[in-house]
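Enquirer: Structure incoming, see below.
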């Protein structure tokens, strides 16, 4: 199944490709409104705002029929007919409809539908979804207030007993209702901060004032890291309380002349005026990030968060409100791509970086549909017997434009977009299938080792997926080894223990990768069902010439072997390093000296040649 972004690029000129990619990226990155990409009645993509709006996780919503957002298939068909008629007339219909959350609750939504590929394949649309429940409630309240007022006026005429004082009171009541409606249209109901509409209006005014001369102006966009995960873990009531507390802390910190607004589910924006230097904006952003990282006390419990901040300056980063907000969003996306708690000032290259990330995402989706991944296997050698004992699997993406790509070129995008989950299954299936083929080729029962990303490890479907792959490939579980970093284990120790215990119960071997670089401790080795530790290549490279690293490797090896674990040295590239890890007591080694990553067929040839010259290593 082709990716939507690929369809958009068909038959377009390079300049048009870049423009369409930027528009498409901007839509999906826009967290202030829900974005759904629908093809022939199926939900193909969604942003985090849309997932939260309908009460789903993004990974659960994508791939489902769009009818899950409606009370019935018939209702969805009615909606689809209205869209089809409007699009046929070259329109972009905006339809108000009662939609359904995952928990069955209904809410009013305004759905603006646009065709992604004008003149292209039918059935490809973007839905921009906005929750208008509050507006509908206000319209109903206004309607009822007007009806009540009209009835009372008629009664007054009938009875001729109305007093001026009563009439004034009724008019005042009406004005209060209208004022409430106005406030709802301009302010966030939860935090009582200005909403995006008011922010854009005030920012437009500020830009016009600064165009006449004066100091710099800055826009900051602040996003709470992993808020969805926190919201799911602690509950929506605590999540709402956290948003209110965050809003209060921001308002208390900035100047009264600055504007703080809530512009998305867990996103806040700030307009800073009267800045003399670029550093002033960065300093304020850094200070806000530090203040928000201090614990929040909610219901007598401490809640800790980090935030990512993107900043754009007027006029250097944009001469219009729209460009300033877009570039601040681009800076925020760049900050989040570097991990939690980062502050980033906009740089022009970020737009090209985001376009490249979008191209990579589109390419990965196409590769999943078209078998565009290739697995290479790096040999692992037993240091005592000098025999081949297995291999570690590494994924390669066959990029039609740039050729064979190593993981460093695309894994970060795959992790951010959730594509790492289907890619991980592809790697596991191909690796297990290859291991069975090696046995059929007479190589014996070699072990195959597969890396698990943090997102795969946290996923709900890991255990059943591994079990099914083992069944389908007919590979004995004892021949599969999964590698996980200690950092991934420490994010949620209790969950990690459950997952590793489940894998171990199947018979799958567990390896701690990059051991010694982060959280290494005896308690981890005793707590988790670990079978193998892999000494990181940085110690192997430095060991022969660095007494400190030599002692570290010797200590780690002694510790592991004392607990009955096998030790694998990674990154062995020279004879000196090979002698070093053998002398330290490592059981196995891998690296360019012993064998580079090879295709499955190349690995078979390597294994056969090694059996003919077993002392070559």
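Enquirer: Quick one: in the range 327-356, of everything that is farther than 23 Å from residue 272 by Cβ and free of Cβ contacts under 8 Å to residues at least 24 places away in the same chain, which residue is surrounded by the most Cβ atoms within 10 Å (Cβ to Cβ)?
Expert: Ranking the qualifying residues of the range 327-356, first place goes to 353.
Enquirer: Give me the pairs: first residue in the range 61-74 and assigned by the TED database to the domain that holds residue 102, second residue part of a helix (DSSP H, G or I) and buried (at least 17 other Cβ atoms within 10 Å of the Cβ), beta-carbon distance under 7 Å, and six or more apart or on different chains, which are they?
Expert: 61/51; 66/76; 67/76; 70/76; 70/79; 73/67
Enquirer: List pairs: first in the range 530-559 and assigned by the TED database to the domain that holds residue 589, second surrounded by fewer than 15 Cβ atoms within 10 Å (Cβ to Cβ) and assigned to a helix (DSSP H, G or I), Cβ under 6 Å, 6+ apart or cross-chain?
Expert: Going by the 6 Å Cβ cut-off, the qualifying pairs are 544/576.
Enquirer: Given the criteria within 17 Å of residue 264 (Cα to Cα), touching a helix residue (DSSP H, G or I) at 6+ places or on another chain (Cβ under 7 Å), in the same structural domain as residue 334 (by the TED database) and touching a residue at least 24 places away in the same chain (Cβ under 8 Å), does residue 223 qualify?
Expert: The answer is yes for residue 223.
Enquirer: Quick one: residue 601 ticks every box in (1) touching a residue at least 12 places away in the same chain (Cβ under 8 Å); (2) surrounded by fewer than 17 Cβ atoms within 10 Å (Cβ to Cβ) except a single one, so which number is it?
Expert: If we test residue 601 against (1) touching a residue at least 12 places away in the same chain (Cβ under 8 Å); (2) surrounded by fewer than 17 Cβ atoms within 10 Å (Cβ to Cβ), just (1) comes out false.
Enquirer: Okay, next question. Which residue out of 450, 426 is under 26 Å from the mean Cα position of the chain (by Cα) and assigned to a helix (DSSP H, G or I)? Walk me through it before giving the result.
Expert: On the way: 450 fails: assigned to a helix (DSSP H, G or I).
426 is the lone residue from the list that is under 26 Å from the mean Cα position of the chain (by Cα) and assigned to a helix (DSSP H, G or I).
Enquirer: Has the range 220-232 got any residue that is under 17 Å from residue 321 (Cβ atoms), at pLDDT 90 or above and touching a strand residue (DSSP E or B) at 6+ places or on another chain (Cβ under 6 Å)? I'd like the intermediate steps shown before the answer.
Expert: Of all residues in the range 220-232, those under 17 Å from residue 321 (Cβ atoms) come to 220-221.
From what's left, at pLDDT 90 or above: 220-221.
Next, from what is left, pick out any that are touching a strand residue (DSSP E or B) at 6+ places or on another chain (Cβ under 6 Å): 220-221.
Scanning the range 220-232, I find at least one residue that is under 17 Å from residue 321 (Cβ atoms), at pLDDT 90 or above and touching a strand residue (DSSP E or B) at 6+ places or on another chain (Cβ under 6 Å), so the answer is yes.
Enquirer: Does residue 366 count as touching a residue at least 60 places away in the same chain (Cβ under 8 Å), assigned to a helix (DSSP H, G or I) and surrounded by fewer than 18 Cβ atoms within 10 Å (Cβ to Cβ)? Explain how you work it out, then say what you get.
Expert: Details: touching a residue at least 60 places away in the same chain (Cβ under 8 Å): yes; assigned to a helix (DSSP H, G or I): yes; surrounded by fewer than 18 Cβ atoms within 10 Å (Cβ to Cβ): yes.
It is true that residue 366 is touching a residue at least 60 places away in the same chain (Cβ under 8 Å), assigned to a helix (DSSP H, G or I) and surrounded by fewer than 18 Cβ atoms within 10 Å (Cβ to Cβ).
Enquirer: Filter the range 502-528 down to the residues that are at pLDDT 80 or above, within 14 Å of residue 483 (Cβ to Cβ) and in a loop (DSSP other than H, G, I, E, B) and list them by number.
Expert: Within the range 502-528, 508, 528 qualify.
Enquirer: Continuing with the same structure: What do you reckon, is residue 499 under 30 Å from residue 464 (Cα atoms), assigned by the TED database to the domain that holds residue 459, at pLDDT 80 or above and part of a helix (DSSP H, G or I)? Talk me through it step by step, then tell me what you get.
Expert: On the way: under 30 Å from residue 464 (Cα atoms): yes; assigned by the TED database to the domain that holds residue 459: yes; at pLDDT 80 or above: yes; part of a helix (DSSP H, G or I): yes.
So residue 499 fits the description; yes.
Enquirer: Pick from 273, 310: which is part of a strand (DSSP E or B), more than 22 Å from residue 337 (Cα to Cα) and in contact (Cβ under 8 Å) with a residue 60 or more places away in the chain? Walk me through it before giving the result.
Expert: Values: 310 fails: more than 22 Å from residue 337 (Cα to Cα).
Selected residue: 273, the only one of 273, 310 that is part of a strand (DSSP E or B), more than 22 Å from residue 337 (Cα to Cα) and in contact (Cβ under 8 Å) with a residue 60 or more places away in the chain.
Enquirer: Further question on the same structure: Give the residue, chosen from 55, 63, that is modelled with pLDDT of 90 or more, at positive phi, outside any helix (DSSP H, G or I) and surrounded by fewer than 13 Cβ atoms within 10 Å (Cβ to Cβ). Write out each step before concluding.
Expert: On the way: 55 fails: surrounded by fewer than 13 Cβ atoms within 10 Å (Cβ to Cβ).
When all the criteria are applied, what remains is 63.
Enquirer: Here is a further query. In the range 401-423, which residue that is modelled with pLDDT of 90 or more and not in a helix (DSSP H, G or I) is surrounded by the most Cβ atoms within 10 Å (Cβ to Cβ)?
Expert: 410
Enquirer: I'm checking my understanding of the structure. Among residues of the range 467-490 that are part of a helix (DSSP H, G or I) and more than 14 Å from residue 425 (Cα to Cα), which one is modelled with the lowest pLDDT?
Expert: To start, the set of residues in the range 467-490 that are part of a helix (DSSP H, G or I) comprises 467-473, 477-479, 486-490.
Still in the running and more than 14 Å from residue 425 (Cα to Cα): 477-479, 486-490.
Working: 477: 96, 478: 96, 479: 97, 486: 77, 487: 73, 488: 77, 489: 77, 490: 70.
Restricting to residues being part of a helix (DSSP H, G or I) and more than 14 Å from residue 425 (Cα to Cα), the top hit is 490.
Enquirer: Filter the range 313-351 down to the residues that are within 14 Å of residue 222 (Cβ to Cβ) and part of a loop (DSSP other than H, G, I, E, B) and list them by number.
Expert: Within the range 313-351, 340, 341, 342 meet the criteria.
Enquirer: Is the range 283-306 home to any residue that is crowded, with 18+ Cβ neighbours inside 10 Å, within 24 Å of residue 417 (Cα to Cα) and touching a helix residue (DSSP H, G or I) at 6+ places or on another chain (Cβ under 6 Å)?
Expert: No, because not a single residue in the range 283-306 is crowded, with 18+ Cβ neighbours inside 10 Å, within 24 Å of residue 417 (Cα to Cα) and touching a helix residue (DSSP H, G or I) at 6+ places or on another chain (Cβ under 6 Å).
The values are calculated or read from the model by the stated rules, or taken from the named source; none is laboratory data. Everything numeric in this text was worked out from a predicted model, so none of it was measured. Because the Cβ atoms are built from the backbone with ideal geometry, glycine has one as well, and the counts that use them run over all protein chains shown.
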